[in-house]
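A.B. asks: Provided herewith is a single structure, encoded as C-alpha cells, for subsequent inquiry.
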Amino acid sequence: MTHSDVIIRAAAPTDGAALRLLMDELGYPMEHKVLQANLEQLATDPECALLVAEISEQVCGFAMAYTSKSLTAGKSAIIGHLVVTESKRGAGIGRRLVAELKDWTKRQGLTTIRVGSQTYREAAHKFYEDQGFNKIKTQLWFQQTLNE
Ligand SMILES: CC(C)(COP(=O)(O)OP(=O)(O)OC[C@H]1O[C@@H](n2cnc3c(N)ncnc32)[C@H](O)[C@@H]1OP(=O)(O)O)[C@@H](O)C(=O)NCCC(=O)NCCS
C-alpha cells in the first residue's frame with residue numbers, strides 16, 4: 001500500500017455501514033439507525049468535519065472534529081473520533097486524517113486543536129504526541145440522560 005492508494009474524502013450518508021464497523025473497532029458499538037441519523041445530521045454541519053479514508057473504494061478509517069467553545073480556550077477544534085481499521089494501521093493513514101483535521105481547523109480560523117483519549121489507549125497517546133500534540137490533563141467525564 002502506498003500513500004497514493006489512500007483517498008481522504010468527506011463522509012457521506014452512504015458510509016453508514018462502514019462507519020458502524022469502525023465504531024465497533026473503536027469500542028463504541030452502535031445501532032445502525034442511531035448512527036445513520038447522526039451521520040446524516042453531522043455530514044452537513046458546517047461546524048463539524050467528518051472524513052473517511054478509503055483504499056480501492058473500501059473505507060478503512062475515519063476521523064471527526066467539531067468546534068467547541070469555552071471561556072478558558074475560547075473557540076477551538078476537538079477531535080471526536082479517530083480510527084483506522086486494524087489491518088491498515090501503521091501505514092500513515094491516521095497521520096493523514098489528523099493533517100486534514102488540522103487544515104479544517106485552520107480554515108475555521110482556529111488555532112487550537114484538542115483530543116481526549118481514554119487512558120488505556122497508550123498507542124494512540126504516542127501517535128498524538130508524534131503528531132505534535134502535548135498532553136495537558138487527565139480527567140473523568142460524567143453524563144446524565146434527561147427524560148422529558
Ligand atoms: C491511533 C490510530 C488512529 C493511528 O493511525 P495509524 O494509521 O495506525 O497511524 P500512522 O500510521 O499514521 O502513524 C503515524 C505515526 O504515529 C506513530 N504511531 C502510530 N501507531 C503507533 C503505535 N501503535 N505505537 C507507537 N507509535 C505509533 C508512529 O510514530 C507513526 O509514525 P511512523 O510513520 O514513523 O511509523 C490507529 O492506530 C487506531 O485506529 N488505533 C485504535 C483506535 C484509537 O485508539 N483511536 C484513537 C482514539 S482517541
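Nothing in this text is a laboratory measurement; each read-out follows from the coordinates by a stated rule. All figures in this text were calculated on a predicted structure; none of them were measured in a lab. Note: ideal-geometry Cβ built from the backbone for every residue, glycine included; neighbour counts use all protein chains shown.
A.B. asks: Report the local net charge at K33: Lys and Arg +1, Asp and Glu -1, summed over other residues whose C-beta lies under 14 Å from its C-beta.
C.D. replies: Net charge around K33: -1.
A.B. asks: Name the long-range amide H neighbours of G61: under 5 Å, sequence gap of 5 or more, or other chain; modelled H, no Pro or chain starts.
C.D. replies: Amide H neighbours of G61: A53, T85.
A.B. asks: Quick one: Cα convex hull volume of the stretch 3-130, Å³ per residue?
C.D. replies: Output value, Cα hull per residue: 117 Å³.
A.B. asks: Hey, what's the Cα Rg ratio for the stretch 50-117 versus the globular rule of thumb, 2.2 N^0.38 Å?
C.D. replies: Compared with the compact-globule rule of thumb, the stretch 50-117 sits at 1.19.
A.B. asks: Set the bar at 20 Å for Cα to Cα. Now go through K69/K137; K75/K102; K33/K69; K33/K102 and name every pair that lies beyond it.
C.D. replies: Checking Cα-Cα distances, K33/K69; K33/K102 exceed 20 Å.
A.B. asks: Quote the relative contact order of the chain in percent (integer), defining contacts as alpha-carbon pairs under 8 Å separated by 6+ residues.
C.D. replies: Once normalised by length, the contact order is 19 percent.
A.B. asks: What net charge do the residues around V83 carry, taking every other residue with its C-beta under 10 Å from that of V83, with Lys and Arg at +1 and Asp and Glu at -1?
C.D. replies: Cβ neighbours under 10 Å give a net charge of -2.
A.B. asks: For a Förster distance of 35 Å, can you work out the FRET efficiency between the beta-carbons of I7 and T119, rounded to the nearest 0.05?
C.D. replies: Efficiency for this residue pair is about 0.60.
A.B. asks: Using only helices, what value at 222 nm comes out for the chain when you add -39,500 (n - 2.57) per DSSP H run of length 4 or more and divide by the total residues, to the nearest 500 deg cm²/dmol?
C.D. replies: -9500 deg cm²/dmol
A.B. asks: Please arrange L101, L42, L51 by counting, for each residue, the other beta carbons lying within 10 Å of its beta carbon, fewest first.
C.D. replies: Result, fewest neighbours first: L42, L51, L101.
A.B. asks: Under 18 Å Cα-Cα from K126, which aspartates and glutamates qualify once same-chain neighbours fewer than 8 residues away are excluded?
C.D. replies: E86
A.B. asks: Within the chain, which is the longest segment containing none of the chymotrypsin sites (Phe, Trp or Tyr not before Pro) that sit in a DSSP loop and have at most 15 other Cβ atoms within 10 Å?
C.D. replies: In the chain, the maximal stretch lacking such sites is 1-119.
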